[in-house]
1. From Lys151, Lys136, which residue is more than 40 Å from the chain's Cα centre (by Cα), at pLDDT 55 or above and either more than 14 Å from Met1 (Cα to Cα) or not charged (D, E, K, R) (or both)?
2. Could you go through the range 96-112 and let me know if any residue there is farther than 22 Å from Tyr9 by Cβ, of a type in the set (Lys, Arg), in contact (Cβ under 8 Å) with a residue 24 or more places away in the chain and part of a loop (DSSP other than H, G, I, E, B).
3. So how many residues does the range 74-97 have that are surrounded by fewer than 15 Cβ atoms within 10 Å (Cβ to Cβ) and either of a type outside the set (Lys, Arg) or touching a helix residue (DSSP H, G or I) at 6+ places or on another chain (Cβ under 9 Å) (or both)?
4. Can you tell me how many residues in the range 61-70 are closer than 16 Å to Thr111 by Cβ and assigned to a helix (DSSP H, G or I)?
5. If we keep just the residues of the range 1-20 that are assigned to a loop (DSSP other than H, G, I, E, B) and among the aliphatic types (A, V, I, L, M), which is farthest from Gln102 (Cα to Cα)?
6. Among the residues of the range 21-37, is any within 30 Å of Tyr101 (Cα to Cα), surrounded by 15 or more Cβ atoms within 10 Å (Cβ to Cβ), in contact (Cβ under 8 Å) with a residue 60 or more places away in the chain and under 15 Å from the mean Cα position of the chain (by Cα)?
7. Could you tell me whether Ala58 is aliphatic (A, V, I, L, M) and assigned to a helix (DSSP H, G or I)?
8. Only one of these is touching a strand residue (DSSP E or B) at 6+ places or on another chain (Cβ under 7 Å), among the acidic types (Asp, Glu), within 14 Å of Ser6 (Cβ to Cβ) and surrounded by 12 or more Cβ atoms within 10 Å (Cβ to Cβ): Glu56, Glu109. Name it.
Amino acid sequence: MEFRSSAKYVRVSPQKARLVLDLIKGRRVEDAMNTLTFTKKGIAPDVQKVLRSAIENANYLSTEKGVDVDVDNLFVLRAIANEGPRMKRIRPAPMGRAYRYQRRMTHIEITLAEKNRNGASAETAETTHAAAPAQKAVRKPAPRKKVPAKKFAGKKK
């Protein structure tokens, strides 16, 4: 089972958010929280807030809805930073001109999943079995030998 949480319209560029999200992908929830606590990037507290929300979503389902979830066994399955709308702004430039620039926004989405007893998630187990059949190796043709160019004898009269 997967547990999702998202934050929309966060005022940071998706590129900067992806730097932090790549640090926590595939990690256990506890390790991800520690990593975010000691990361010096400005977006790290916002990502930590989204991660905490996903953990609480899992906790809510386990207590209120009766779903069997071990919160200590959760790991970060997906951490995505999608691009949100851009705000177009104008900066004054020399000789009365104006330069346009864009303020970017991000939609952050974190998905948690529970590890199975053997240590892999259900989704990763399915994808590994699907990719198991080996493909035949394609042989490339041998490179052609270079033939020396004909010499130019000059203009015939």
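1. Lys151
2. No, the conditions are met nowhere in the range 96-112.
3. Qualifying residue count for the region: 10.
4. 1
5. Here the residue is Met1.
6. yes
7. yes
8. Being touching a strand residue (DSSP E or B) at 6+ places or on another chain (Cβ under 7 Å), among the acidic types (Asp, Glu), within 14 Å of Ser6 (Cβ to Cβ) and surrounded by 12 or more Cβ atoms within 10 Å (Cβ to Cβ) holds for just one of Glu56, Glu109, which is Glu109.
The values are calculated or read from the model by the stated rules, or taken from the named source; none is laboratory data. Note that the coordinates shown come from a computational prediction; the quantities given were computed from them, not determined experimentally. Counting neighbours? That spans all protein chains shown, and the Cβs are built from the backbone with ideal geometry, glycine included.
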